[in-house]
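Chemist: This is the structure I have questions about; it appears just below.
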């Protein structure tokens with residue numbers, strides 16, 4: 001059984017799993033729908049990053065003001081742990097922002113909704129749940 005390569009969507013809402021796509025099977029309206037979802041999430045992540053970064057800078061100012069006062073070791077440990085946790089949240093959000101930007105590029109290139117590993121279409125249900133995804137669930141599960 002040979003696999004077909006197609007850039008033209010077939011008449012069913014989602015192409016069969018046997019077809020390897022070059023261009024998206026989604027309509028321009030559907031692409032715009034996902035673009036709007038991604039833009040909204042991007043905005044939320046940027047806002048969260050702003051809050052996290054400003055809390056770190058405010059904390060460093062407070063640390064310099066309070067440096068003359070002695071601090072209990074447990075308090076110092078808690079503050080250090082909180083700071084490290086914020087750095088981890090910043091790194092996580094920056095990684096998420098990168099995934100969103102890659103998805104936006106795929107929308108612009110009309111390759112959104114195509115699994116980068118298998119070339120098969122990513123079901124719309126998965127795109128609704130995880131709009132920044134670039135792989136089918138099967139490929140994601142085999143990675144683990």
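Chemist: Using the per-residue mean of other Cβ atoms lying within 10 Å as a proxy for protection, in what order, highest first, do the peptides 108-116, 125-133, 91-99, 79-87 fall? It would help to have the intermediate numbers written out before the result.
Modeler: Working: 108-116: 17.9, 125-133: 15.8, 91-99: 13.8, 79-87: 12.2.
Final packing ranking: 108-116, 125-133, 91-99, 79-87.
Chemist: Grab the Cα-Cα distance for residue 37 and residue 129, subtract it from 0.36 nm times how many residues apart they are, and report the gain in nm with one decimal.
Modeler: Numbers: separation 92, 0.36 × 92 = 33.12 nm, distance 1.06 nm.
That pair, residue 37 and residue 129, stretches by 32.1 nm at full extension.
Here, each number is a calculation from the coordinates, and none is a lab measurement. Note that the coordinates shown come from a computational prediction; the quantities given were computed from them, not determined experimentally. Note that each Cβ is placed from the backbone with ideal geometry, even for glycine, and that neighbours are counted across all protein chains shown.
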